[in-house]
Amino acid sequence: MNKVALITGVTGQDGAYLAELLLEKGYEVHGIKRRSSLFNTDRIDHLYQDQHEDNVRFKLHYGDMTDSTNLIRIVQEVQPDEIYNLAAMSHVQVSFEVPEYTANADATGALRLLEAIRILGLEKKTRFYQASTSELYGKVMEVPQSETTPFYPRSPYAVAKLYAFWIVKNYREAYGMYACNGILFNHESPLRGETFVTRKITRGVAKIKLGLQEKIYLGNISAKRDWGHAKDYVEGMWLMLQQEVADDYVLATGTTTTVRDFVTMSFKEVDIEIEWTGEGVNEKGFDKATGNVLVEIDPKYFRPTEVDLLIGDPSKAQKELGWKHKHDLASLCKDMVQADMKLFKRDEYLKLGGHDILNQNE
Ligand code: NDP
Ligand code: GDR
């Protein structure tokens, strides 16, 4: 019998990589997607299987983390061996704009799923993974940050995720459920959402290189993050649910880099050397060869409270799960810039008269 997994947030970056991984491992994979006025399944379209065929192993259900009856019905129908709760309003800055919704989806949403498991009497059958985050550490209390570092969340997103962290731990202790928190540090990929800083940068770099954009506007470029590749991190999520005893684990690379250095690295991938001048909001990055300013600061991207430095200590996951990241930041950056160059080549072609060329050929 194939194992059955249910993934919330299957249309997101991690959901797509995890669904792919579990299908490769022979699982039957169910995903929850939200109704949207446009198609929102771009990241998983390659996994789609015609639902009329026999032995379909990838199925989607409409649902929402704010709707408990819907979640109970899906869990009842799917009877999952494993639930991966990846759905969330996951943008830290946006959470300052929609704090109540963020709490509803990210904090109470996790509770709704745990309760669905209880209500349906699946506590002994269904294992639960919660997408916890390095944002829980927030204000720097110690470095590197590990499973024992105290939390000090610095955004409505992080505060909502703090509730989810503790409710998962509480249900594990109260009801003996196999429930884990993966405290994951930032992980990126060519599938990363376009408004997270790495993807915003690699898209901007590709567009600038192809003559489709003049400059990139950023916020706090002195922030430091421990960036890994999403592909490595979904493997860690799966490993957490395959142990004898449920526990919480940090996944990280153990190295940290400023946003500024990520910008410099990304431009280097397209043979542009960036030099930095000025300070604070007046800091600028310019092309050493042409003198053109390619990066400027826009204070609108500053957050009311910031997380200045994240650097994780993944030694518990390495020791107990045998997990280790395979991609370093240089290869991640290259992967993302190359993918965005490929993506925007078509736009360059259209800008250079591709429409006319196409029309002439008709
Ligand atoms: P994404 O933003 O790419 O994906 C989030 C997913 O959640 C999307 O599928 C989205 O649907 C779905 N979603 C959002 N709100 C709801 C809702 N109310 N009901 C149902 N589904 C909803 O995030 P990532 O893939 O990057 O991250 C996955 C999880 O891991 C998130 O919980 C995030 O907070 C957490 N995390 C991420 C880290 C990272 O660096 N990527 C690090 C640590 C934790 P739609 O496509 O319709 O928007
Ligand atoms: P983060 O990721 O907040 O760490 O949350 P993000 O890429 O949004 O920001 C990283 C750092 O870059 C700074 N920054 C900017 N950020 C964005 N988005 N846009 C900008 O223009 C910009 N300029 C500078 C930010 O201030 C910040 O310091 C991600 C999400 O995936 C969360 O869901 C997850 O929990 C954490 O990672 C771990």
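The values are calculated or read from the model by the stated rules, or taken from the named source; none is laboratory data. All values derive from a computational prediction rather than experimental measurement. Note that we place each Cβ from the backbone using ideal geometry, even for glycine, and neighbour counts take in every protein chain shown.
Could you check segment 180-204 and list, in sequence order, the residues that are assigned to a strand (DSSP E or B) and within 9 Å of ligand 1 (Cβ to nearest atom)?
GLY182, ILE183, LEU184, HIS187, GLU188
Does segment 214-221 include one or more residues that are of a type in the set (Val, Ile, Thr), away from ligand 2 (no atom under 11 Å from the Cβ) and over 13 Å from the mean Cα position of the chain (by Cα)?
Let us first name the residues in segment 214-221 that are of a type in the set (Val, Ile, Thr), namely 216, 221.
The next check asks that each one be away from ligand 2 (no atom under 11 Å from the Cβ); those that pass are none.
No: zero hits.
Please verify whether segment 32-45 includes one or more residues that are in contact with a helix residue (DSSP H, G or I) (Cβ under 9 Å, 6 or more places away or on another chain), at pLDDT 95 or above and of a type in the set (Gly, Ala, Ser).
There is no residue in segment 32-45 that is in contact with a helix residue (DSSP H, G or I) (Cβ under 9 Å, 6 or more places away or on another chain), at pLDDT 95 or above and of a type in the set (Gly, Ala, Ser).
Counting residues that are among the aliphatic types (A, V, I, L, M) and either within 14 Å of ligand 2 (Cβ to nearest atom) or modelled with pLDDT of 95 or more (or both), which helices (runs of 4 or more DSSP H) fully inside segment 66-120 reach at least 2?
Correct list: 68-78, 92-97, 109-119.
Residue by residue, here is whether (1) part of a loop (DSSP other than H, G, I, E, B); (2) in the same structural domain as PHE58 (by TED's automatic domain parsing); (3) free of Cβ contacts under 8 Å to residues at least 12 places away in the same chain holds:
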residue: VAL10; (1), (2), (3): yes, yes, no
residue: ASP14; (1), (2), (3): no, yes, no
residue: TYR17; (1), (2), (3): no, yes, no
residue: LEU23; (1), (2), (3): no, yes, no
residue: VAL29; (1), (2), (3): no, yes, no
residue: ILE32; (1), (2), (3): no, yes, no
residue: SER36; (1), (2), (3): yes, yes, yes
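Test HIS52 against the criterion of being at pLDDT 95 or above, away from ligand 1 (no atom under 11 Å from the Cβ) and surrounded by fewer than 11 Cβ atoms within 10 Å (Cβ to Cβ), and give yes or no.
In short, no.
Considering each of THR253, THR258 in turn, give the residue that is at pLDDT 95 or above and surrounded by fewer than 19 Cβ atoms within 10 Å (Cβ to Cβ).
Numbers: THR253 fails: surrounded by fewer than 19 Cβ atoms within 10 Å (Cβ to Cβ).
None of the other options fit; the residue is THR258.
Given the conditions (1) part of a helix (DSSP H, G or I); (2) of a type in the set (Lys, Arg); (3) within 16 Å of ligand 2 (Cβ to nearest atom); (4) touching a residue at least 40 places away in the same chain (Cβ under 8 Å), report the number of the one that LYS169 does not fulfil.
(3)
May I ask you to list the residues in segment 55-90 that are surrounded by fewer than 19 Cβ atoms within 10 Å (Cβ to Cβ) and either aromatic (Phe, Trp, Tyr) or in contact with a Cys (Cβ under 7 Å, 6 or more places away or on another chain) (or both)?
TYR62
With the checklist (1) in contact with a Pro (Cβ under 8 Å, 6 or more places away or on another chain); (2) in a loop (DSSP other than H, G, I, E, B); (3) among the charged types (D, E, K, R) in hand, flag the one item GLU123 doesn't pass.
Unmet for GLU123, out of (1) in contact with a Pro (Cβ under 8 Å, 6 or more places away or on another chain); (2) in a loop (DSSP other than H, G, I, E, B); (3) among the charged types (D, E, K, R): (1).
Is it the case that ARG154 is basic (Lys, Arg) and either free of Cβ contacts under 8 Å to residues at least 40 places away in the same chain or more than 24 Å from GLY228 (Cβ to Cβ) (or both)?
Considered against the rule, which asks whether it is basic (Lys, Arg) and either free of Cβ contacts under 8 Å to residues at least 40 places away in the same chain or more than 24 Å from GLY228 (Cβ to Cβ) (or both), ARG154 comes out as no.
In segment 130-145, what residues are part of a loop (DSSP other than H, G, I, E, B) and either near ligand 1 (Cβ under 7 Å from one of its atoms) or hydrophobic (A, V, I, L, M, F, W, C) (or both)?
VAL140, MET141, VAL143
Of the residues THR255, THR290, which single one is part of a loop (DSSP other than H, G, I, E, B) and under 24 Å from TYR233 (Cα atoms)?
Answer to the check: THR255.
Given the residues GLN130, GLN93, which is the only one that is within 25 Å of THR195 (Cβ to Cβ) and surrounded by fewer than 21 Cβ atoms within 10 Å (Cβ to Cβ)?
From the options GLN130, GLN93, the qualifying one is GLN93.
In segment 122-166, what residues are within 11 Å of ligand 2 (Cβ to nearest atom), of a type in the set (Phe, Trp, Tyr) and within 17 Å of MET89 (Cβ to Cβ)?
TYR157
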